[in-house]
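> Quick one: structure below, then a few questions.
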Amino acid sequence: MRALAILLVACAVACTPDFAAPSDVTDLRVLAVQADPPEAQFDDAGVEPVQVTILAVDPRSPAPIEVRAQLCAPTDSRRCDEGQPIRDVSDAGLSTALPLTSDFHDFLLSVAQQDDLNGFGGIRVQYSFSIANGDTGGPVYGSKLLLFSPRGGTPNHNPAVIGVRLTRDGVAYGSSDPSPGDTIELPAEVEIGLLPLIPTDICEEYATTDFRGNPVSLTEQPRYSFFVTPGAEIGVDTADEPLDGVPPPDGLSRITAHSGDGTLWIVVRDGRGGEAWARFGWKAVPDAMPSSSRPAPARCPPVPQ
């Protein structure tokens, strides 16, 4: 089932120098792509509206980012190749409503015919795009698999990051947990733990079929990615939600601020195409704020082994 789940994970493609950590955002980058809803339903009457939002950033330039996008059947290249059904997405932007015209249902069926599984488990449509902001390095390419399933089942929902718990030496740091959009004051040259805060119902249970055709019930295990602008660095680029529901006392990752200020992004993916993120500002300050004692935050329930 792990291989099947991986197929639904958002595919963001951007060039990162070999010597740079994936968490270091120094140029034009695609950090995440969200489809809302992550599993749209359809029937003969129509298709549920879908909004695609791209988290693309360039800390070097405030120039607007231009997006070009197409819809097609999934490809190995993650681009829409000639010789297959393709839909251009006119007026594409960093947040775009899919063009669900009256004949979109026929387009879905034509995409399903390209699928070796003939739409088993839903019809997967590739959203291929490029972004550019006038940088001499040229455009950056990315893609996202969109899932469409017949109306009537229980669809997937996007996860969420509702805050972050900061820790220092295994103890909660600061007087309260920052919320998305807050600016975090970080003691310069001190490693601070990062524990994403999530809703208690983020880890959905879902029914699926294994490769032998047997029905199985599984529970999502969120995976987190951490990104930061120059002036700070991340200790662990990606981390999974603990299976036992108990995170380590020093968080799932760590951040060290050296100087100045910038932005921290935490992206969460549910392994089934659901995706979300939270943005925090950060500022390096002299080491003065004490740690504090607070109750452990709620997590996903333990996953049966």
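> Let me check I've understood the local charge: for PRO230, count other residues with C-beta under 11 angstrom from its C-beta, Lys and Arg +1, Asp and Glu -1. What total comes out?
Net local charge, PRO230 excluded: -3.
> Could you give P(r) for the stretch 212-305, binned at 10 Å from zero, as whole percent values over all Cα-Cα pairs?
13, 36, 33, 13, 4, 1
> Check which residues have an amide H placed less than 5 Å from GLN126's amide H, if you skip close sequence neighbours.
Distant-sequence amide H within range of GLN126: CYS72, ALA73, LEU146.
> Express the relative contact order of the stretch 136-249 as a whole percentage, based on alpha carbon pairs under 8 Å and six or more residues apart in sequence.
So the answer I get is 18 percent.
> In whole Hz, what ³J(HN,Hα) sequence does the stretch 201-218 give by Karplus (6.51, -1.76, 1.60; θ = phi - 60°), x for Gly and Pro?
Result, rounded to whole Hz: 9, 5, 8, 6, 8, 8, 9, 8, 10, 7, 5, 8, x, 8, x, 9, 10, 10.
> Kindly report the accessible area of the chain per residue (heavy atoms of protein chains, probe 1.4 Å, no ligands, DNA or RNA), in Å².
49
> If amide hydrogens are placed 1.01 Å from N in the peptide plane, which non-local residues have theirs closer than 5 Å to the one on ARG168?
Sorted by chain and number, the residues that satisfy this are TYR173, GLY193.
> How much of the accessible area of the stretch 141-260, in percent, comes from carbon and sulfur atoms when a 1.4 Å probe is used?
50
> Can you divide the C-alpha Rg of the stretch 137-213 by 2.2 N^0.38 Å and report the result to two decimal places?
Normalised Rg, Cα atoms only: 1.70.
The values are calculated or read from the model by the stated rules, or taken from the named source; none is laboratory data. Note that the structure is a prediction, hence the values are computed from the model and not measured. Ideal geometry is used to build each Cβ from the backbone, glycine not excepted, and the neighbour counts take in all protein chains shown. Note: areas computed on protein heavy atoms with side chains; ligands, DNA, RNA excluded. Shrake-Rupley method; radii C 1.70, N 1.55, O 1.52, S 1.80 Å.
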